[in-house]
Amino acid sequence: MNVRDHGAVGDGYADDTAALQAAIDACAAAGGGRVVVPGPRTYRLGTIYLRSNVELHLEETAVLQASLDRAHYAEAALIAADGARNVTVSGGGRIDGRSHDFMTAWNDPSGLGPWIYTPASWRPKIFELRACTGVTVRDITFGDAPHWGLHLWGCEHVLVDHLTVANDLQVPNCDGVDIDRSRDVEVRGCVLRTGDDSVVVKASANPAGRDFGVTRGVHVHDCELTTQDSALKIGTETTADVLDVLFERCVVRSSNRACSIMLRDAGDVRNVVFRDILFESRLFSDPWWGHGEAVSVTAFPRADGGAIGVVSGIRLERLTGTSENSLRVDGSAQSRPRDITLRDVHLTLTKWTTFPGGVYDNRPTTVRPALQPHDTPGFHLSAADDVLVRDCSVAWGPNPPDYYSNALVAEDVTGLRLEGFRGQAAHPGGVAVRT
């Protein structure tokens with residue numbers, strides 16, 4: 001079925017929302033099949049809804065382009081679905097989110113920073129898929145997303161295969177893939193360039209009157225990631241459990257945090273593996289969360305008296321990279337990470353940007369300073385239990401700043417085992433390992 005046969009113009013000016021929806025609905029009514037969006041054409045649209053048993057196929061030169069008229073949107077997303085089964089979006093075509101048209105200002109007329117856009121009060125996501133089962137997103141590209149890219153909320157049995165994301169790195173909240181209260185999700189072979197988190201696994205608060213369950217069984221592998229925030233992340237929304245997550249064989253070209261777990265709410269985060277990751281993590285301007293940490297595993301309540309779960313069963317294996325800030329595992333009186341293994345992790349700390357360091361980023365929380373002045377050890381372990389560090393190393397780049405300190409610091413850590421750890425202090429006369 002061809003969208004042109006249902007009145008789609010594809011001239012980049014006409015509103016093609018109704019025509020695309022008509023083609024999808026007709027295909028679903030006929031029992032399902034493929035809806036073809038032909039190129040070389042640009043189809044301007046607001047919200048369209050995927051239907052069960054329908055594949056939306058974008059030909060290689062086809063472009064779906066976000067309308068700037070809010071009246072064209074039934075909700076804040078270009079492509080939406082609710083309760084659909086066996087839905088696919090495929091093809092070599094592209095979705096253009098026109099991010100700059102949903103921004104109101106560039107925050108740095110001086111050229112000195114902060115380097116970030118200010119978004120308008122309303123802006124759409126690219127995808128918002130809710131409570132769908134049997135979802136495939138394959139081979140397409142989306143770019144210039146004004147908000148989150150692919151939001152999988154309460155979905156099951158999902159494959160995201162060779163997705164390309166090409167966002168503006170200065171646009172806030174333009175995540176690549178958000179896996180939210182979803183189960184059995186595989187993300188493979190993707191190339192993601194995002195201002196905000198590249199792949200984030202979370203458990204947001206349920207929408208009114210619905211329960212989307214826990215997040216469980218996520219596998220992200222063989223991806224290439226570039227971001228000004230976290231590349232591979234769990235949190236910060238953790239209102240339900242996040243269980244059984246594997247990140248492996250990924251290359252992080254640039255990030256503000258390479259690997260991150262940020263527990264702030266009542267759910268537990270359990271059985272998570274990061275392995276075979278090559279990374280770079282550096283500082284960006286202050287509006288971006290993260291301060292160049294190689295790895296950040298933190299467990300703080302979002303606010304005083306707030307409920308918080310536990311981080312446990314975390315494995316960091318065969319990670320190698322360069323960063324401007326520490327590998328950090330940091331709990332609190334309210335929640336102590338436990339059963340943490342760092343095996344064959346090799347970190348080089350060096351300072352190469354002009355942004356000021358010597359800071360840990362605790363956001364979002366009100367129980368600690370948002371940006372906390374702190375020296376920079378290689379590994380920093382704090383308020384945690386049953387921690388194994390085996391066959392790991394820390395090295396320092398040339399001319400380390402004064403705030404670079406020990407190779408490893410452990411504070412209030414029980415059951416700490418150091419086996420085959422290698423590293424010296426950043427400066428002559430310093431202590432390599434402080435416990």
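Restricting to segment 358-368, count the residues that are buried (at least 20 other Cβ atoms within 10 Å of the Cβ) and more than 21 Å from the chain's Cα centre (by Cα). Total satisfying the criteria: 1. If the Cβ limit is 7 Å and pairs must be 6+ apart or interchain, which residue in segment 200-229 that is aromatic (F, W, Y) pairs with which residue that is surrounded by fewer than 16 Cβ atoms within 10 Å (Cβ to Cβ)? Matching pairs, first to second residue: F212/N206.
Within segment 401-418, residues that are free of Cβ contacts under 8 Å to residues at least 12 places away in the same chain have Cβ atoms under 8 Å from residues that are surrounded by fewer than 20 Cβ atoms within 10 Å (Cβ to Cβ) and in a strand (DSSP E or B) in no pair, counting only partners at least 6 apart in sequence or on another chain.
Can you tell me which residue is nearest to D175 (Cα to Cα) among those in segment 206-246 that are touching a strand residue (DSSP E or B) at 6+ places or on another chain (Cβ under 6 Å) and basic (K, R)? So the residue we want is K233. Note on segment 419-432: residues that are of a type in the set (G, A, S) and free of Cβ contacts under 8 Å to residues at least 12 places away in the same chain amount to 1.
Give just the number: which of (1) buried (at least 20 other Cβ atoms within 10 Å of the Cβ); (2) touching an Asp or Glu at 6+ places or on another chain (Cβ under 9 Å); (3) over 19 Å from F142 (Cα atoms); (4) in contact (Cβ under 8 Å) with a residue 40 or more places away in the chain does C27 not satisfy? Just one mismatch for C27, condition (4). Per this entry, S405 is counted among residues that are open to solvent by less than 50 Å² (accessible area, probe 1.4 Å), of a type in the set (S, T, N, Q) and in contact with an Asp or Glu (Cβ under 8 Å, 6 or more places away or on another chain). The selection criterion, being of a type in the set (A, V, I, L, M) and under 23 Å from W289 (Cβ atoms), holds for V367.
Can you find, within segment 270-300, the residue that is nearest to the chain's Cα centre (by Cα) among those that are among the hydrophobic types (A, V, I, L, M, F, W, C) and open to solvent by 10 Å² or more (accessible area, probe 1.4 Å)? First the steps, then the outcome.
Going residue by residue through segment 270-300, those that are among the hydrophobic types (A, V, I, L, M, F, W, C) are 272-274, 277-279, 283-284, 288-289, 294-295, 297, 299-300.
From the residues that got through so far, the ones that are open to solvent by 10 Å² or more (accessible area, probe 1.4 Å) too are 273, 278-279, 284, 289.
Working: V273: 16, L278: 17, F279: 15, F284: 16, W289: 12 Å.
For segment 270-300, the residue satisfying everything is W289.
Step by step: first the residues of segment 245-270, then only those that are in contact with a Pro (Cβ under 9 Å, 6 or more places away or on another chain) and not in a strand (DSSP E or B), then the one that is nearest to D229 (Cα to Cα). Which residue is that? Among those that are in contact with a Pro (Cβ under 9 Å, 6 or more places away or on another chain) and not in a strand (DSSP E or B), it is R264. Taken over segment 263-293, residues that are without any contact (Cβ under 8 Å) to a residue 60 or more places away in the chain and of a type outside the set (D, E, K, R) amount to 10. Scan segment 336-352 for residues that are open to solvent by less than 10 Å² (accessible area, probe 1.4 Å) and assigned to a loop (DSSP other than H, G, I, E, B) and the total you get is 1.
Can you find, within segment 114-167, the residue that is surrounded by the most Cβ atoms within 10 Å (Cβ to Cβ) among those that are small (G, A, S) and either touching a helix residue (DSSP H, G or I) at 6+ places or on another chain (Cβ under 7 Å) or closer than 20 Å to D197 by Cα (or both)? Lay out the reasoning, then the answer.
First pass over segment 114-167, keeping only residues small (G, A, S): 120-121, 131, 134, 143, 145, 149, 154, 166.
Add one more test, that the residue is either touching a helix residue (DSSP H, G or I) at 6+ places or on another chain (Cβ under 7 Å) or closer than 20 Å to D197 by Cα (or both), and what stays is 120, 143, 145, 149, 154, 166.
Values: A120: 12, G143: 19, A145: 33, G149: 27, G154: 23, A166: 16.
The extreme case among them is A145.
Residue under question is D82, and the condition is that it be under 28 Å from the mean Cα position of the chain (by Cα) and open to solvent by 60 Å² or more (accessible area, probe 1.4 Å); does it hold? Yes. Of all the numbered requirements in (1) over 20 Å from I126 (Cα atoms); (2) surrounded by 24 or more Cβ atoms within 10 Å (Cβ to Cβ), G213 misses one, and that requirement is (2).
Residues that are surrounded by 20 or more Cβ atoms within 10 Å (Cβ to Cβ) and either in contact with a Lys or Arg (Cβ under 7 Å, 6 or more places away or on another chain) or within 24 Å of P114 (Cα to Cα) (or both): does segment 325-335 have at least one? Within segment 325-335, one or more residues are surrounded by 20 or more Cβ atoms within 10 Å (Cβ to Cβ) and either in contact with a Lys or Arg (Cβ under 7 Å, 6 or more places away or on another chain) or within 24 Å of P114 (Cα to Cα) (or both). Please verify whether L371 is crowded, with 16+ Cβ neighbours inside 10 Å and not basic (K, R), treating the condition exactly as stated. So L371 fails the test.
The values are calculated or read from the model by the stated rules, or taken from the named source; none is laboratory data. The model shown is predicted, which means the values in this text are computed figures rather than measured ones. Here Cβ is always computed from backbone atoms with ideal geometry, including for glycine, and neighbour counts include all displayed protein chains. Protein only, heavy atoms only, side chains kept; ligands, DNA and RNA dropped before computing areas. Shrake-Rupley method; radii C 1.70, N 1.55, O 1.52, S 1.80 Å.
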